[in-house]
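The values are calculated or read from the model by the stated rules, or taken from the named source; none is laboratory data. Computed from a predicted structure; not experimentally measured. A quick note on method: Cβ atoms are made from the backbone with ideal geometry, for glycine too, and the neighbour counts reach across all protein chains shown. For accessibility, only protein heavy atoms count, side chains too; no ligands or nucleic acids. Shrake-Rupley method; radii C 1.70, N 1.55, O 1.52, S 1.80 Å.
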Amino acid sequence: MSEQPAPAGPEIEVRGLRKSFGDNEVLRGIDLEIRQGEVVCVIGPSGSGKSTLLRCVNLLEEPTKGQVFVGGTELTDPDVDIDAVRRRIGMVFQQFNLFPHLTVTENLTLPQRRVLRRDKAAAAKVAAENLERVGLSEKADAYPASLSGGQQQRVAIARSLSMGPEVMLFDEPTSALDPELVGDVLAVMRVLADEGMTMMVVTHEMTFAREVADRVVFMDGGVIVEDGSPEQVIGAPRHERTRHFLARLLDPAMAQVEEETSDQVGGSG
Amino acid sequence: MTATDVRLQPKKKGLTRRRKRSLSRGVQYVVFVAAVIAFAVSADWGRLKNQFAQGSIAKQMFPDVITLALKNTVLYTLSGFVVGLALGMVIALMRLSSVGPYRWLAGVYIEIFRGLPALLIFIFIGVAVPLAFPGTEIVGGTYGKVALALGLVAAAYMAETIRAGIQAVPKGQMEAARSLGFSPARAMTSIIVPQAFRIILPPLTNELVLLFKDSSLVLFLGVTLEERELSKYGRDLASTTANSTPILVAGLCYLLVTIPLGFVVRRMEAKAQEAVK
């Protein structure tokens, strides 16, 4: 239906997005544009709706109201072939979600073969390239259960990349990892960003946001409170809520107490 | 008197916990030994041996009991299992469908076929259907009928097992598959069902054991000599020889299969437990 004049438009566009789980309105009107090649980090307290927003961008959650466009195609159009659009959107989950019954290589080749209809050799070649990219070539024949969390997440990234996406979505990719494993995953993401991938990253890693993001979006209570350069949003936040959130992140002892009292709203993570 | 009371006043009358425990164990041993002695004394051993363990009759059963009866039992079981698995898969997917009538139909099927005795289904297939629809033949003769009857019953149980297995696969698996561009059906067949089957392998094997035993209901279908399975074969021979040895031998043949299968199931369950840890 709404074929956007594609090339000039934003890669991701969200208009008037609302999402409710029952009576609980998690997103209360989100407008957001992400240009091609831009890296946007979405930060905010738990329950702020940031994960739900990300999941709405590839329609894992069905928006209650509003529109989502990716690469000029309206995903929220009921007549759009959602499977075809999702092939262009890579998604990386907090819990990795590798397929545990398949080896690392099979995790990368099966989606290519079944969804993109690539032949065996072509799929294997793409898989090998992407494993190389995340530095895990030697784990090609391992099963996910035998890998560390950080390695699993890098495989998950390689799996998404094997589909040749235009956009990558990251849903708290390092939140389930032991602290010493976070760096490897962030390093892979940093390279991706440098290569010009359009990325939307929900994260608590402020250092990553500060150094890699082109823009930082701060969400709270289902709305975007602040949207700007990392220097501005993290370095010199204009809003009280942003300052409060950042202060709690810097003082984890205090954050603990606050996290427990703040309401845990729907949507995973 | 509670245990705490006893411990507080150990010198008083009444038994300590340790003495109570050894007394209880002692009583159980006495009862057991008494029962064994009573049985050994009262039983007519000569007659029992004559009835159940006549070597000449047992010998006469071979090799037919294996090459014919056990073979048929296995054939009936496997065909019933295949039909049950296929039908059970369809019903499980219907039960999980987003289409209301499908869910409802599947639910009704499961309730009916789990609630009826398997024997009744056999009689229904063997007697009622041919009478109600004269001229129709169930494909495959007796083998087809047995596969159908066993399959209909097994499908109800397997459908519930398969549904539970599918639901036991973490939600993130479907989300990952969908976000890679898999359609719901393709995600189900390529990603979810293979994992579900790993989870339900032990209960499915149990179902195989149950079917193996239920195949004895073929007895009620009226079968030719070549179509006899273990129970029918044992019973026929028992009546022609007026001796129970064939029943014993047939029973041993069942155990020959069911005990190892049970062992395999326990091994798989233990392995699955370990994998969770």
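Note down the magnitude of the dipole of chain B about its Cα centre, charges +1 on Lys and Arg C-beta and -1 on Asp and Glu C-beta and zero elsewhere, to the nearest 20 debye. Intermediate results must be reported in sequence, preceding the final value.
Numbers: 31 positive and 15 negative charges, 437 e Å.
Once rounded to the nearest 20, the dipole reads 2100 debye.
Which one of B:Leu221, A:Pro100, A:Leu75 is farthest out on the positive end of the charge dipole of the protein assembly as shown, using unit charges on Cβ (Lys, Arg +1; Asp, Glu -1) and the Cα centre as origin?
After comparing all options, I get B:Leu221.
When you look at the Cβ of every residue in A:114-124, what mean number of other chain Cβ atoms sits within 10 Å? Before the final figure, lay out the partial values.
Numbers: counts 10, 8, 2, 0, 0, 0, 0, 0, 0, 0, 0.
Per residue, the average neighbour count from other chains is 2.
State, in square angstrom and to the nearest 100, the accessible area buried between chains A and B, both chains counted, probe radius 1.4 Å.
Numbers: alone 12480 and 17190 Å², together 27960 Å².
Using a 1.4 Å probe on protein heavy atoms, the buried area is about 1700 Å².
Assuming a ≥ b ≥ c are the square roots of the Cα gyration tensor eigenvalues, decide whether region B:153-268 counts as rounded (a/c under 1.5), prolate (otherwise, with a/b larger than b/c) or oblate. Numbers along the way, then the final one.
Values: a/c = 4.97, a/b = 2.85, b/c = 1.75.
Prolate, since a/c reaches 1.5 and a/b exceeds b/c.
Can you check what the net charge comes to around A:His239, using other residues whose Cβ is under 14 Å from the Cβ of A:His239 (Lys, Arg +1; Asp, Glu -1)?
Numbers: positive: A:Arg238, A:Arg241, A:Arg243; negative: A:Asp220, A:Glu226, A:Asp227, A:Glu240.
It works out to a net charge of -1.
If packing is taken as the average number of other Cβ atoms within 10 Å across a peptide's residues, how do B:128-140, B:98-110, B:233-245, B:80-92 rank, most packed first? Each step should come with its number before you reach the end.
Values: B:128-140: 10.4, B:98-110: 13.7, B:233-245: 17.3, B:80-92: 21.0.
Ranked by mean Cβ neighbours within 10 Å, highest first: B:80-92, B:233-245, B:98-110, B:128-140.
Nothing charged except the Cβ atoms of Lys and Arg (+1) and of Asp and Glu (-1): what's the magnitude of the dipole of the protein assembly as shown about its Cα centre? Round to the nearest 20 debye. Walk me through the intermediate numbers first.
Working: 59 positive and 57 negative charges, 763 e Å.
Charge dipole, the protein assembly as shown, about its Cα centre: 3660 debye, nearest 20.
Over the whole of A:53-62, what's the average partner chain Cβ count within 10 Å per residue? Rounded to a whole number, please. Each step should come with its number before you reach the end.
On the way: counts 0, 0, 2, 0, 0, 4, 2, 5, 0, 0.
Mean shielding by partner chains, rounded to a whole number: 1.
If you place +1 on the Cβ of every Lys and Arg, -1 on the Cβ of every Asp and Glu, and leave all else neutral, what size is the dipole of chain A about its Cα centre, to the nearest 20 Debye?
620
Of the listed peptides B:55-62, B:25-32, B:40-47, what is their order by residue-averaged count of other C-beta atoms within 10 Å, with the highest listed first? Please report the intermediate quantities before stating the final value.
Numbers: B:55-62: 13.5, B:25-32: 9.9, B:40-47: 8.4.
Going by the mean number of other Cβ atoms within 10 Å, highest first, we get B:55-62, B:25-32, B:40-47.
So what's the net charge close to A:Ala140: Lys and Arg +1, Asp and Glu -1, counting the other residues with Cβ under 15 Å from its Cβ? Don't skip to the answer; put the middle values down first.
Working: positive: A:Lys120, A:Lys125, A:Arg133, A:Lys139, A:Arg154, A:Arg159; negative: A:Glu106, A:Glu129, A:Glu132, A:Glu138, A:Asp141.
Combined, the nearby Lys, Arg, Asp and Glu give +1.
I'd like the distance between the alpha-carbon centres of region A:36-61 and region B:198-217, rounded to an integer number of Å.
47
With a 1.4 Å probe and all protein chains left in place, how much of the accessible area of region B:11-158 comes from carbon and sulfur atoms, in whole percent?
On the way: 6740 of 9590 Å².
Here it works out to 70 percent.
Antiparallel versus total DSSP beta bridges in chain A: what percent is that, nearest 5? Can you show the working numbers first?
Details: 20 of 37 bridges.
If we restrict to bridges inside chain A, about 55 percent are antiparallel.
What part of the accessible area of chain A, given as a whole %, is carbon or sulfur when the probe is 1.4 angstrom?
48
To the nearest whole number, what is the average tally of beta carbon atoms from other chains within 10 Å of the beta carbons of peptide A:163-169?
Shielding by partners across A:163-169 averages 1.
Going highest first, how would you order B:167-180, A:120-133 by mean Cβ packing within 10 Å? Intermediate results must be reported in sequence, preceding the final value.
Numbers: B:167-180: 19.3, A:120-133: 16.9.
Averaged packing, sorted descending, gives the order B:167-180, A:120-133.
How big is the antiparallel share of DSSP beta bridges in the protein assembly as shown, given as a percent to the nearest 5?
Just about 55 percent of them are antiparallel.
Place +1 on the Cβ of every Lys and Arg and -1 on the Cβ of every Asp and Glu in the protein assembly as shown, take the dipole about the Cα centre, and give the residue among B:Ala40, B:Ala155, A:Gly66 whose Cα lies farthest towards its positive end.
Final value for the positive-end residue is B:Ala40.
Between B:Ala164 and B:Arg103, what is the label-to-label distance in nm when each label sits 7 Å out along the Cα-to-Cβ direction?
2.0
Mind listing, in residue-number order, the residues in region B:166-183 that have at least 10 Å² less accessible area with every protein chain present than in their own chain alone (1.4 Å probe)?
When all protein chains are present, B:Gly172, B:Gln173, B:Glu175, B:Ala176, B:Arg178, B:Ser179, B:Leu180, B:Gly181, B:Phe182, B:Ser183 each give up 10 Å² or more of accessible surface.
Could you tell me the relative contact order of chain B? Use alpha-carbon pairs under 8 Å, at least six residues apart, and round to a whole percent. Don't skip to the answer; put the middle values down first.
On the way: 271 pairs, mean separation 71.1, N = 277.
In percent, rounded to a whole number, it is 26.
Excluding A:Ile12 itself, calculate the net charge of residues whose Cβ lies under 10 Å from the Cβ of A:Ile12, where each Lys or Arg counts +1 and each Asp or Glu counts -1.
On the way: positive: A:Arg35; negative: A:Glu11, A:Glu13, A:Glu33, A:Glu38, A:Glu166.
Taking every Cβ under 10 Å from that of A:Ile12, the sum is -4.
Report the one residue of A:Val225, A:Ser162, A:Ser148 whose Cα lies farthest in the direction of the positive end of the charge dipole of chain A (charges on C-beta: Lys and Arg +1, Asp and Glu -1; origin at the Cα centre).
A:Ser162
Between region B:89-138 and region A:109-147, how many Å separate their Cα centres?
44
Counting only heavy atoms of protein chains, what accessible area per residue, in Å², does the protein assembly as shown have with a probe of 1.4 Å?
Values: 27960 Å² over 546 residues.
Accessible area per residue: 51 Å².
Given a cut-off of under 8 Å on Cα pairs at least six residues apart, what relative contact order in percent is computed for chain A? Walk me through the numbers on the way to the answer.
On the way: 505 pairs, mean separation 71.2, N = 269.
Once normalised by length, the contact order is 26 percent.
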